[in-house]
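Working notes for the structure below.
Derivation of every value follows stated rules applied to the coordinates shown; laboratory data play no part. Everything numeric in this text was worked out from a predicted model, so none of it was measured. So basically every Cβ, Gly included, is an ideal-geometry build from the backbone, and we count neighbours across all protein chains shown.
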Amino acid sequence: MRQGRDALAGLERIARLKADMEMRRLAAFRAHVEAIRHQIDRLEAELQAIYRTDQPFSVAEARLTNLLARERSRALLAAEEELARILPGYEQARQAAAREFGRGEAVQALRKDLVARARRDRARRGSG
């Protein structure tokens, strides 16, 4: 019985280490996703600000405005494409982290159950 508990304790440590590794991977993905989303928000705000004006402007100013808008639009499109490219990996990392965390919890529950069962068996043998 002791060997079973020790084996489960070892498995629990391994499961916790794997879960920690997956959580760190998820945190890195999350930071990257949030940075890209922040960049997208910033570019969208800049793009709106370029065209927001109360005064009429000259042909040269219109050309400059369109040039700036084209630059920001390309950057926005690139950021959106990058986000679309990494979101599947982010989702996989999220699922892996949840799965590994669940394994750790399951092994811990099994170990606790085994310990409780051993205590009950000892108590029965002691009283009987």
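Could you tell me whether any residue of region 111-120 is under 30 Å from residue 42 (Cβ atoms) and surrounded by 15 or more Cβ atoms within 10 Å (Cβ to Cβ)? Scanning region 111-120 turns up no residue that is under 30 Å from residue 42 (Cβ atoms) and surrounded by 15 or more Cβ atoms within 10 Å (Cβ to Cβ).
With 68, 110, 64, 114 as the choices, which residue is in contact with a Gly (Cβ under 9 Å, 6 or more places away or on another chain), in a helix (DSSP H, G or I) and more than 16 Å from residue 37 (Cβ to Cβ)? Working first, answer last.
Values: 68 fails: in contact with a Gly (Cβ under 9 Å, 6 or more places away or on another chain); 110 fails: in contact with a Gly (Cβ under 9 Å, 6 or more places away or on another chain); 64 fails: in contact with a Gly (Cβ under 9 Å, 6 or more places away or on another chain).
The match here is 114.
Summed over region 85-103, the residues that are of a type in the set (A, V, I, L, M, F, W, C) and buried (at least 17 other Cβ atoms within 10 Å of the Cβ) give a count of 4.
Every residue in region 26-65 that is over 30 Å from residue 89 (Cα atoms) and surrounded by 13 or more Cβ atoms within 10 Å (Cβ to Cβ), please.
So in region 26-65, the residues over 30 Å from residue 89 (Cα atoms) come out as 48-65.
Hits for region 26-65 are 50, 64, 65.
Among the residues of region 1-37, those that are assigned to a helix (DSSP H, G or I) and within 20 Å of residue 119 (Cβ to Cβ) comprise 2, 3, 4, 5, 6, 7, 8, 9, 12.
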